[in-house]
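What follows is a short report on a single structure.
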Amino acid sequence: MHGNSSTAPPRGRTRRGRGRGVVRRITVRLAGERGAATAEYAVATMAAVGFAGLLVIILRGDEVRGILTDLVRNALTVG
């Protein structure tokens, strides 16, 4: 009765076998995501390091140093 029925499982594959196939496909798909968070942290860290380096270069200039010194001096003066 199940010989040509479209609802019968294919020969050699049981319901349990289908479940294992689904689990395997999901595992393979998720394996491609492994390390993605680490890569994102690495990119963000490199961007922060680059920005910090740029700030160091800018803040070493004489004009900026003078502006910051005046700003701190004005903030600390009383009256």
### Task
State all residues of region 27-79 that are of a type in the set (D, E, K, R) and surrounded by 10 or more Cβ atoms within 10 Å (Cβ to Cβ); if no residue qualifies, say none.
40, 65, 70
### Task
Go through the residues of region 13-26 one by one and say whether even a single one is at pLDDT below 75 and part of a loop (DSSP other than H, G, I, E, B).
yes
### Query
What are the residue pairs meeting all of these: first residue in region 46-72, first residue part of a loop (DSSP other than H, G, I, E, B), second residue surrounded by 10 or more Cβ atoms within 10 Å (Cβ to Cβ), Cβ atoms under 9 Å, and 6 or more apart or on different chains?
none
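The values are calculated or read from the model by the stated rules, or taken from the named source; none is laboratory data. The structure displayed is predicted, hence computed values, not measured ones. Note that each Cβ is placed from the backbone with ideal geometry, even for glycine, and that neighbours are counted across all protein chains shown.
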